[in-house]
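Encoded as structure tokens, the structure appears first; notes follow it.
The values are calculated or read from the model by the stated rules, or taken from the named source; none is laboratory data. Just so it is clear, the structure is predicted and the values come from calculations on it, not from any experiment. Positions of Cβ are backbone-derived with ideal geometry, glycine not excepted, and every protein chain shown enters the neighbour counts.
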Ligand SMILES: Nc1ncnc2c1ncn2[C@@H]1O[C@H](COP(=O)(O)OP(=O)(O)OP(=O)(O)O)[C@@H](O)[C@H]1O
Ligand SMILES: [Mg+2]
């Protein structure tokens, strides 16, 4: 099957940074439709730069990005690509354009020239999907960070995209807001079949995904299922990343003589794994 | 002190004034302001004040909130009024110093000026308080639409206005945060000579300025990601529609202007 997004040998260097190594230096990856994907990597590894290539905000200087068979360099397809791949950014304040929640959600469909009553339907539907319908007449600047970020997600869903890219959407949120946002995107992926690409520094957010890509120096250095990726604890630490608390615990226990598997990423699985091992050890 | 800035604030409601089409409100307030400048005597001022008070009452916006919005503008209002005391050469001389002479006619004129500016500001506040910024800028765009033929960037202008209005509370919040951070390090914004206070504002303005640029950059990217590509082919979720009430208010504004001009003709 043709992948939904195909990135091939991507090279990108910011203007005025000629003496530095390029921000993206031969990035290659495939993302399949309907999957939930996480992209990890230390500060400056090129995650945001890559994200902006998925919907043609930045264009490859060499190599190519293909979305649904459309090359992002094809200018005539640009709007089509942007409505297919929606994007949510880190700071919710800087992506909300209107002073009323529903007006903001309507912004993208208005840009697409959709008729008024269809926009109304989409806005209501999108706000219900992210659980913000009761707040539709509120002013965004009075909402909590998690709520603002869900409004931003609704603003993207109203375009009916097939994929949503989220660049550190939880970086400015408290734990409550972070859970709201992650639960929302997980639901969008699992129930509505939207492909979700989540860029994050919180390893715990990557545990529920289908596939993890780790970036370093503008390249994808490893990719795989979260269990397999997090099993390489030492390798991840070398890349400047932490691992989920559960993995860290298993890693340390193993270092002191246990032989636990790295498959358990949730707290309850991890507890079961340890309990099982303890039982066996005593016998 | 920044908390009193109410520009661009919207008080949700469902009164007759809230429901009026923004175009009607913009037209009416324009006529009202012209009338304020045509008015000469207490008869015209009195009727204009009455109209304003009735409108405020209908809109159910507490008078206190209206007046609070005036607070940051007090200095400007008083300054303009005081200048008027001395500006006028006619009338009986009250007192004089240096090159300034105050007359009784000047004093009366200053009183009217005070009233005029206050009413002007309150009437525009009433429009912004009862109209969402989006509706307001949409209305403005439609009203200025004919100018598009002259290649005036009407859509861009109205988009800029609506974004500016949207960011006022965000920037006020940010300024407040920076101010508190500076205060915690001993900065003093509230006492001292005017020059000292102005100097104290500098470390507030610079970070605010820098962060606004960053915000603008991020916002532009976010808008692009949401398929913004100028005004061409754009539709609106909330189409503006003129209702019967709009017709009545517009006719009334024509009548009001005619009446005030007639009154002025007769020296009233
Ligand atoms: N607008 C820009 N202009 C110039 N250089 C930039 C710009 N944005 C990023 N860079 C540089 O490109 C490289 C990759 O940055 P990028 O923002 O993609 O990293 P990131 O993985 O998203 O980091 P973070 O985790 O901090 O968000 C960095 O070296 C950075 O300094
Ligand atoms: Mg980044």
Hits in segment A:158-172 (condition: more than 16 Å from ligand 1 (Cβ to nearest atom) and assigned to a strand (DSSP E or B)) = A:163, A:164
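Let's see how each residue does on (1) assigned to a helix (DSSP H, G or I); (2) on the phi > 0 side of the Ramachandran plot; (3) assigned by TED's automatic domain parsing to the domain that holds residue A:9; (4) touching a strand residue (DSSP E or B) at 6+ places or on another chain (Cβ under 8 Å):
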position	(1), (2), (3), (4)
A:228	yes, no, yes, no
A:236	yes, no, yes, yes
A:251	yes, no, no, no
A:260	no, no, no, no
A:265	no, no, no, no
A:269	yes, no, no, no
A:272	yes, no, no, no
A:275	yes, no, no, no
A:280	yes, no, no, no
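Of these, A:109, A:3, which one is away from ligand 1 (no atom under 14 Å from the Cβ), under 30 Å from residue B:12 (Cβ atoms) and either within 21 Å of the chain's Cα centre (by Cα) or not in a strand (DSSP E or B) (or both)?
On the way: A:3 fails: under 30 Å from residue B:12 (Cβ atoms).
Testing whether each residue is away from ligand 1 (no atom under 14 Å from the Cβ), under 30 Å from residue B:12 (Cβ atoms) and either within 21 Å of the chain's Cα centre (by Cα) or not in a strand (DSSP E or B) (or both) leaves just A:109.
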query = So residue A:151 fits all but one of (1) within 12 Å of another protein chain (Cβ to nearest Cβ); (2) crowded, with 24+ Cβ neighbours inside 10 Å; (3) in a helix (DSSP H, G or I); what number is the exception?
reply = (1)
inquiry  = Given (1) touching a strand residue (DSSP E or B) at 6+ places or on another chain (Cβ under 9 Å); (2) within 22 Å of residue B:132 (Cα to Cα); (3) without any contact (Cβ under 8 Å) to a residue 40 or more places away in the chain, identify the lone condition not met by residue A:95.
reply    = (3)
Members of segment B:218-233 that are facing chain A (nearest Cβ under 7 Å) and either assigned to a helix (DSSP H, G or I) or under 27 Å from the mean Cα position of the chain (by Cα) (or both) = B:218, B:219, B:221, B:222, B:223, B:224, B:225
remark   = Scanning segment A:90-121 residue by residue, those touching a helix residue (DSSP H, G or I) at 6+ places or on another chain (Cβ under 6 Å) and within 16 Å of ligand 2 (Cβ to nearest atom) turn out to be A:92, A:94, A:95
key: Members of segment A:173-199 that are within 16 Å of ligand 1 (Cβ to nearest atom) and in contact with a helix residue (DSSP H, G or I) (Cβ under 6 Å, 6 or more places away or on another chain)   = A:173, A:199
key: Every residue from segment A:34-56 that is under 19 Å from residue A:161 (Cα atoms) and either in contact with a helix residue (DSSP H, G or I) (Cβ under 6 Å, 6 or more places away or on another chain) or near ligand 1 (Cβ under 9 Å from one of its atoms) (or both)   = A:36, A:38, A:50, A:51, A:52, A:55, A:56
task = Taking the residues in segment B:229-254 that are loosely packed, with under 11 Cβ neighbours inside 10 Å and at pLDDT 90 or above as candidates, determine which candidate is nearest to residue B:22 (Cα to Cα).
result = B:244
key: Residue among A:122, A:137 that is in a loop (DSSP other than H, G, I, E, B) and more than 19 Å from residue A:174 (Cα to Cα)   = A:137
